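Note sheet for the following structure.
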Amino acid sequence: MEAEKRNDALKKIKDELLVFKKSPLYKYRTENKYFPVIGEGSHFAKIVLVGEAPGKNEALQGRPFCGASGRVLNQLLESSGTKREDVYITNIVKDRPPENRDPTEEEKKIYAPFLDRQIEIIQPKVIAALGRHSMEYLMNRFNLADKLEPISYAHGKAFEAKASYGRIYIVALYHPAASIYNINLRSTLVSDFKIINSLV
Ligand code: URA
């Protein structure tokens, strides 16, 4: 798909999300003057990173990973030799859940089709799941349910899968925020992140 078609298709997702009244998070978004966080980065990215849901900073700016987790993510990308502008960064859930709680099953289900469309448009070779929620969603989505294991075992592993446009890898990673709470995970994240580039 050429650049203009990709732009248009991604813009359509943005337009739909702006008026996504069906979402249980829509009212909370508008009451707080938050933005939906659609995603950002290269529309031709070979690597797509999928987080959970926006935090407060992200919802205020309408950009993924621009707060504390974003600072960690930027360091991890840099240490693995990956430029942030070369990848595409998004979340399963595109609106901020109140009080930074985990997204619910219902929220993940209602927003997941937007992520599916983003993947179909961008057609990445590697999809890196940042954290348990996106790992579980992506592994189920790409018929890897039988390989699912807790993130403490799955982190740093690449699972080969079949997308509509060809062979891809789903990579399971700890969420960058995990290393804010547990500094011991930082070195694990640094070494796990190196796998992403080795697969493209
Ligand atoms: N955590 C996420 O999972 N996504 C963001 O965009 C920010 C923090």
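For this structure, a couple of remarks:
- Solvent exposure of region 3-199 as accessible area per residue, Å², 1.4 Å probe: 48
- Gyration tensor verdict on region 78-193 (Cα atoms; rounded if a/c is under 1.5, prolate if a/b is larger than b/c, oblate otherwise): rounded
- Carbon and sulfur %, accessible surface of region 3-199 computed with the full protein complex present, 1.4 Å: 51
- DSSP bridge analysis restricted to the chain gives an antiparallel fraction near 40%, rounded to the nearest 5.
- Exposed-site-free run, longest, the chain (rule: trypsin sites (Lys or Arg not before Pro); DSSP loop; at most 14 other C-beta within 10 Å): 102-200
- Charges were assigned to the Cβ only: +1 to each Lys and Arg, -1 to each Asp and Glu. The resulting dipole of region 3-199 about its Cα centre is roughly 280 debye.
- Sparsely packed loop sites in region 80-169 (the chymotrypsin sites (Phe, Trp or Tyr not before Pro) outside DSSP H, G, I, E and B with at most 13 other Cβ atoms within 10 Å) comprise Tyr165.
- When the pairs Lys46/Lys157; Lys56/Lys125; Lys12/Lys108 are compared against a 25 Å limit on Cα-Cα distance, Lys56/Lys125 fall above it.
- Measuring r between the beta carbons of Val190 and Lys12 and using R0 = 41 Å, the FRET efficiency lands at 0.65.
- One decimal place: the segment Glu149-Lys27 gains 40.4 nm when fully extended, by the rule 0.36 nm per residue minus the C-alpha distance.
- Cα centroid separation, region 160-189 to region 113-128 (Å): 15
- Tensor-based shape of the chain (alpha-carbon gyration tensor, a/c under 1.5 rounded, otherwise prolate or oblate): rounded
- Maximal additional length on extending the Arg167-Lys125 stretch stands at 14.4 nm, based on 0.36 nm per residue less the C-alpha distance.
- Modelled label positions at Ser198 and Glu40, each set 7 Å beyond Cα in the direction of Cβ, lie 3.1 nm from each other.
The values are calculated or read from the model by the stated rules, or taken from the named source; none is laboratory data. The shown structure was predicted, so the numbers you read here are calculated from the model rather than taken from an experiment. With ideal geometry, Cβ positions are generated from the backbone for all residues, glycine too; neighbour counts draw on all protein chains shown. Just the protein is used for accessible areas: all its heavy atoms, side chains included, with ligands, DNA and RNA removed. Shrake-Rupley method; radii C 1.70, N 1.55, O 1.52, S 1.80 Å.
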